[in-house]
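**Student:** Dumping the structure here so I can ask a few things about it.
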Amino acid sequence: MTALWAYSWWKALHVASALVFVAGVFSVAGFLQLCGCASTDIKVMAATVRRWDRRMTTPAMLMVWAFGLQLAASGGWFGSGWLLLKLILVVMISGLHGMLSARLRRLSLGTAVAPSGRPWILLAILLGISILAVVKPF
């Protein structure tokens, strides 16, 4: 297996995992924005969304990390400034996912939660990650 072939596969798996992860984070954020009250119907829906989050979004996040670290190691980028900044943004989006998952858990248990505002923050983080990964400005 040539290095370029392996790199292309790691990159494809990383991007596919990132797409699933980002879609899941946006879905949970949107659901929490719309459904902050704790009625019985909302509890059932929250439990369903939570199962999806645990089965799809969380594993996708772990795969993003695994494939991304593999890419960084194979590219020798661990000393690069762009990668450090990208890792900071990835830690932020991973933490945001954790906070949203906790709110979703509380809602599925019947506790009312405040709407998850500021979706532009998620969008800004994703834009920053994309620019850093593609352009590698420094």
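The values are calculated or read from the model by the stated rules, or taken from the named source; none is laboratory data. Since we're looking at a predicted model, the values are computed, not measured. Every residue, glycine as well, gets a Cβ built from its backbone with ideal geometry; the counts of neighbours run over all protein chains shown. For accessibility, only protein heavy atoms count, side chains too; no ligands or nucleic acids. Shrake-Rupley method; radii C 1.70, N 1.55, O 1.52, S 1.80 Å.
**Student:** Just read off the accessible area of Ser94 with the full protein assembly in place, 1.4 Å probe, to the nearest 10 Å².
**Tutor:** Counting only protein heavy atoms, Ser94 exposes about 20 Å² to solvent.
**Student:** Another question, then. Quick one: grab Rg to one decimal and Dmax as a whole number for the stretch 63-138, Cα atoms only, in Å.
**Tutor:** Rg and Dmax of the stretch 63-138, Cα atoms, are 15.5, 48 Å.
**Student:** Give the lysines whose C-alpha is closer than 30 Å to that of Lys11, dropping any in the same chain fewer than 8 places away, or say none.
**Tutor:** Output for Lys11: Lys86, Lys136.
**Student:** Over the chain, what is the relative contact order in percent, taking alpha-carbon pairs closer than 8 angstrom and at least six residues apart?
**Tutor:** Dividing the mean separation by the residue count of the chain yields 39 percent.
**Student:** May I ask for the angle, rounded to the nearest 10°, between helix 119-135 and the longest principal axis of the chain, with both axes built from Cα atoms and the value confined to 0 to 90°?
**Tutor:** Approximately 10 degrees, to the nearest ten.
**Student:** Okay, moving on. Taking the Cα-to-Cβ direction at Thr111 and at Leu84 and moving 7 Å from each Cα, how far apart do the two end points lie in nm?
**Tutor:** My value for the distance between the label points is 3.8 nm.
**Student:** List the residues, sorted by chain then number, that are 5 or more residues from Ser116 or on another chain and whose placed amide H is less than 5 Å from its amide H.
**Tutor:** Counting only residues 5 or more places away or on other chains, the set is Gln33.
**Student:** Can you list the HN-Hα couplings for the stretch 9-17, worked out from phi with the Karplus curve (6.51, -1.76, 1.60; θ = phi - 60°), rounded to whole Hz and with x for Gly and Pro?
**Tutor:** Once rounded to whole Hz, the list reads 5, 4, 5, 4, 5, 5, 5, 4, 5.
**Student:** For every helix of n ≥ 4 consecutive DSSP H residues, a contribution of -39,500 (n - 2.57) applies; sum these over the chain, divide by its total residues, and give [θ] at 222 nm rounded to the nearest 500 deg cm²/dmol.
**Tutor:** -27000 deg cm²/dmol
**Student:** Looking at the chain, I'd like the Rg to Rh ratio, where Rg is from alpha-carbon atoms and Rh is Kirkwood's inverse mean 1/r.
**Tutor:** Across the chain, the Cα-based Rg/Rh ratio is 1.06.
**Student:** Then there's this: Can you grab the distance from the C-alpha centre of the stretch 111-129 to the C-alpha centre of the stretch 44-65, Å, no decimals?
**Tutor:** 17 Å
**Student:** So how do Arg105, Arg50, Arg118 rank on accessible area, 1.4 Å probe, biggest first, that is with the largest at the start?
**Tutor:** Arg118, Arg105, Arg50
**Student:** Need the full-extension length gain, Trp77 to Thr58, defined as separation in residues times 0.36 nm minus the C-alpha distance. One decimal, nm.
**Tutor:** 4.3 nm
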